[in-house]
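**Student:** Structure below; questions to follow.
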Amino acid sequence: MANEYTVSQVNSYIGRVLKSDFLLNNICVIGEVSNCTYHKSGHIYFTIKDENSSLPCMMFSSKAKSGLKFRLESGQSIIIRGSIDVYAPYGRYQLLANSISLDGEGRLSAEFEKLKTRLAEKGVFDPMYKKPIVTYAKKIGVVSSATGAVIQDIRNVSFRRNPYIDIVLYPSLVQGEDAPKQLIKAIKALDKMGLDTIIIARGGGSMEDLWCFNDEELAMTIFNADTPIISAVGHETDFTICDFVSDLRAPTPSAAAELAFFDYYEFEKNLSDLKYKLRQSINIKLSDRKSTLELLEGKIKLLSPISVINNKKQMLDEYYTKIQTLLEFKLIDRKHSLESLDNSLKNKMLAKTKDRRNQLSILAEKVNGLSPLNRLSGGYSYVTDKNNKAIRDINDVNIGDELEINLVNGKIIAGVKEKESIKNGR
């Protein structure tokens with residue numbers, strides 16, 4: 001038996017099949033609007049038809065804000081770009097619209113897509129070929145109408161942001177059949193002037209009004225230019241081939257000027273701030289280097305032979321001072337010891353001296369007792385011959401000899417008249 005599926009499964013499967021089809025996911029359908037309804041949510045429900053068939057359509061409010069530039073009404077001939085989807089609850093497929101244009105614009109849109117695809121295949125839109133916009137431009141070329149509001153808007157931005165930038169205007173048509181040739185001529189002329197940036201600018205308009213900016217030769221001229229080019233054509237929602245091939249796309253001419261003209265006053269302030277930061281950074285670096293240099297200088301001095309010698313000298317001085325201090329302490333200690341010893345010896349000497357004095361006193365008494373002078377003072381005398389020889393014995397003199405009798409207070413000269421000896425010790 002065949003497999004059995006629920007209705008939901010079948011509808012989901014059909015939806016996946018439709019979504020996997022490349023053609024149905026990006027399809028353009030031409031038809032007449034009928035049964036158009038704007039829901040209070042902002043979504044739009046309608047049907048498109050031709051002579052033989054009809055197709056349910058829906059456009060979400062989020063898509064309508066950017067993809068629908070007019071009010072959709074029944075009877076209009078339109079071109080819808082979108083994808084085929086299945087509304088599962090009713091098993092009904094429908095066209096989900098991403099963008100809607102009137103039939104005339106639709107043909108231009110199809111032609112635009114063909115040119116865009118052809119140029120994309122050549123690689124002219126590749127980001128690798130985009131030239132950077134000069135940050136600090138001095139001369140900027142502008143390709144636009146000489147009488148429109150665009151050039152005045154660009155000048156106003158210049159006066160506000162940087163009045164010192166030179167603006168070179170090359171007037172050109174920006175609408176009509178002759179516009180592409182003039183635009184090409186203007187770009188080539190400005191490209192030879194050595195400008196910093198070129199701005200291609202035009203105000204908003206319909207797709208037909210902006211069609212001159214979808215010229216293939218113009219696109220290749222922009223691609224081959226040496227000068228960076230900013231495209232500012234139409235409003236923010238408008239896109240032209242110039243936007244894709246240029247180095248930078250701006251939503252409006254004023255925005256292009258904001259991108260091209262650097263703010264001189266902010267630049268001056270930033271330059272002043274950078275100057276201050278640079279000075280601060282240099283001072284910090286110099287301070288760090290000075291500290292490092294002083295540290296290295298200190299290490300060099302510490303490790304230098306002179307420093308080592310000076311340290312040794314200082315150590316010797318310290319050792320000398322310590323030795324001198326120790327010697328002084330030793331000397332003081334020895335002095336104290338010597339003083340103590342001296343006092344002891346002195347006491348001993350005094351004692352011995354006293355003892356000797358006592359002994360001398362005794363001996364003096366003895367000597368004094370034995371002294372001839374002492375005896376002489378006691379009535380004794382000392383007798384000598386004329387030769388000063390002491391007479392100790394009677395036999396030492398003869399009768400008639402001359403003798404000297406020494407007394408305590410003088411001497412007497414006498415002669416011997418007679419001698420008388422003493423017997424038995426008398």
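All of the numbers you see were taken from the coordinates with simple rules; none came from a lab. Note that the coordinates shown come from a computational prediction; the quantities given were computed from them, not determined experimentally. Note that each Cβ is placed from the backbone with ideal geometry, even for glycine, and that neighbours are counted across all protein chains shown.
**Student:** Starting from the Cα gyration tensor of the range 138-262, multiply each eigenvalue by 5, take the square root, and state the resulting semi-axes largest first in whole Å.
**Tutor:** 20, 16, 13
**Student:** Can you list residues whose amide H is under 5 Å from residue 205's amide H, if they're 5+ apart or on another chain and H is modeled 1.01 Å from N?
**Tutor:** 235
**Student:** Between residue 263 and residue 126, what length in nm is gained on full extension when 0.36 nm per residue of separation is reduced by their alpha carbon distance?
**Tutor:** Taking 0.36 nm per residue and subtracting the Cα distance, the gain is 46.3 nm.
**Student:** Just the number, please: percent antiparallel of the DSSP beta bridges in the range 7-121, rounded to the nearest 5.
**Tutor:** For the range 7-121, the DSSP antiparallel bridge percentage is about 90.
**Student:** Would you mind calculating the gained length between residue 206 and residue 412 on full extension (0.36 nm times residue separation, minus the Cα-Cα distance), in nm to one decimal?
**Tutor:** Working it through step by step, the gained length comes to 55.5 nm.
**Student:** Computed from the coordinates I sent, mean projected area of the Cα convex hull in nm² equals one of (i) 29.3; (ii) 38.3; (iii) 74.0. Tell me the label.
**Tutor:** (iii)
**Student:** Looking at the chain only, what percent of DSSP beta bridges run antiparallel? Nearest 5 please.
**Tutor:** Roughly 65 percent of the DSSP beta bridges within the chain come out antiparallel.
**Student:** Set the Förster distance to 56 Å, then compute FRET efficiency between residue 327 and residue 286 from the Cβ-Cβ distance, nearest 0.05.
**Tutor:** 0.55
**Student:** Sketch the reach of a paramagnetic label on residue 189 as a point 7 Å from Cα along Cα-to-Cβ, and name the residues of the range 228-260 whose backbone nitrogen lies under 20 Å away.
**Tutor:** 228-232
**Student:** Sticking with this structure for a sec: Between residue 27 and residue 147, what FRET efficiency follows from the Cβ-Cβ distance if R0 is 35 Å, with the result rounded to 0.05?
**Tutor:** 0.25
**Student:** Here's something else I'd like to know. Net charge within 15 Å of residue 121 by Cβ-Cβ distance, Lys/Arg positive one each and Asp/Glu negative one each, not counting residue 121 itself?
**Tutor:** Computed value for this residue: +1.
**Student:** Next question. How far is the Cα center of the range 62-91 from the Cα center of the range 212-266, in Å?
**Tutor:** Spelled out, the Cα-based centre of one part sits 31 Å from the other.
**Student:** To continue, here is another question. In what sequence, highest mean first, do 343-352, 177-186 appear when ranked by Cβ atoms within 10 angstrom?
**Tutor:** The peptides rank, most packed first, as 177-186, 343-352.
**Student:** Between residue 12 and residue 362, how many nm apart are label points set 7 Å from Cα along the C-beta direction?
**Tutor:** Here the modelled spin labels are 15.3 nm apart.
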